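Working notes for the structure below.
The values are calculated or read from the model by the stated rules, or taken from the named source; none is laboratory data. Note that the structure is predicted; figures quoted are calculated from it, not measured. The area values use the complete protein model at the heavy-atom level, side chains included, leaving out ligands, DNA and RNA. Shrake-Rupley method; radii C 1.70, N 1.55, O 1.52, S 1.80 Å.
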Amino acid sequence: MTRIWYGAGVADDSDLRLTGDVTGKRVIELGIAPTPSRLQPNSVLLALAGAKAIALDPDADRIAEVRRRASEAEVRVECHEGDLADLGFATSASVDLVIASRTFDQVDDLPRVLRQVHRVLRPEAAFVVALTHPVAAMFDGPGQPVHRYGSTVRSFGELFMSLERANFRIDMVHELMPDDTAMVPAVLVFRARKQGV
């Protein structure tokens, strides 16, 4: 199982099993996850698991770091610097899996990104997303302001409606707690499947 990172102190994909066997599959890491330095970037982990890994990120430094870490691990990761909707390097229906771990919180034009992800995925292929849980976003921490639900990140309704409009069907949802003392889930992880062509 691949240990795809979904957030600090929460379960990874070796527990959740959302990505399945990636051996020989073409997989895009949509935005390079901000993994701790002791962990490999998700795209490098995917390459180590036998995937044809691709990383897309707008930050040149994160791309350079993935290239360096892939070289050290002696695997190949195809890297592209650009906006998360800039998937022109992939032909239609040519990708088996897209993962966006902790990179969707800041996406401005979500419908555009979802249309591009839908275009590049094969029919019924999976799109796995991990992002800040809308309830956790209400609280900044001890002594900090409390925000209205959905005011700092997308609400469940907005997120799921956007996926529905882009012709994705959600088939798995996890609300991850960071540890036993947490009062609210910290990370929302879901898997959606491409519908139609």
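Skip the ligands, DNA and RNA, and give the accessible area per residue of segment 1-79 with a 1.4 Å probe, whole Å². Each step should come with its number before you reach the end.
Details: 3700 Å² over 79 residues.
Computed with neighbouring chains in place, this is 47 Å² per residue.
When only C-alpha pairs under 8 Å and at least 6 residues apart count, what is the relative contact order of the chain, in percent?
On the way: 418 pairs, mean separation 39.0, N = 197.
Computed over the chain, the figure is 20 percent.
Pick out which of Gly31, Gly88, Gly50 has the largest mean-square fluctuation in a Gaussian network model of the chain, springs linking Cα atoms closer than 10 Å.
Highest fluctuation among the options: Gly88.
Residue by residue through segment 102-109, which ³J(HN,Hα) values in whole Hz follow from phi under the Karplus form 6.51 cos²θ - 1.76 cosθ + 1.60 (θ = phi - 60°), with glycine and proline marked x?
6, 10, 8, 4, 9, 5, 7, 9
Counting only helical runs of four or more DSSP H residues, what would the 222 nm mean residue ellipticity of the chain come to if each run contributes -39,500 (n - 2.57) and the total is spread over all its residues?
Working: 5 runs with 46 residues, N = 197.
So the calculated ellipticity at 222 nm is -6500 deg cm²/dmol.
Evaluate the relative contact order of segment 83-134 (contact order divided by residue number), counting alpha-carbon pairs under 8 angstrom at least 6 apart; express in whole percent. Don't jump to the answer; show the numbers that get you there.
Values: 66 pairs, mean separation 27.7, N = 52.
It rounds to 53 percent for segment 83-134.
For the chain, what number results from the quotient of the Cα radius of gyration and 2.2 N^0.38 Å?
The reported ratio for this selection is 0.99.
Give me the extension gain from Ala11 to Leu39: residue separation times 0.36 nm, minus the current Cα-Cα distance, reported in nm with one decimal. Before the final figure, lay out each step's value.
Details: separation 28, 0.36 × 28 = 10.08 nm, distance 1.41 nm.
8.7 nm is the gain from fully extending Ala11 to Leu39.
At a probe radius of 1.4 Å, what is the per-residue accessible area of His174, in Å² to the nearest 10?
About 50 Å², ignoring ligands and nucleic acids.
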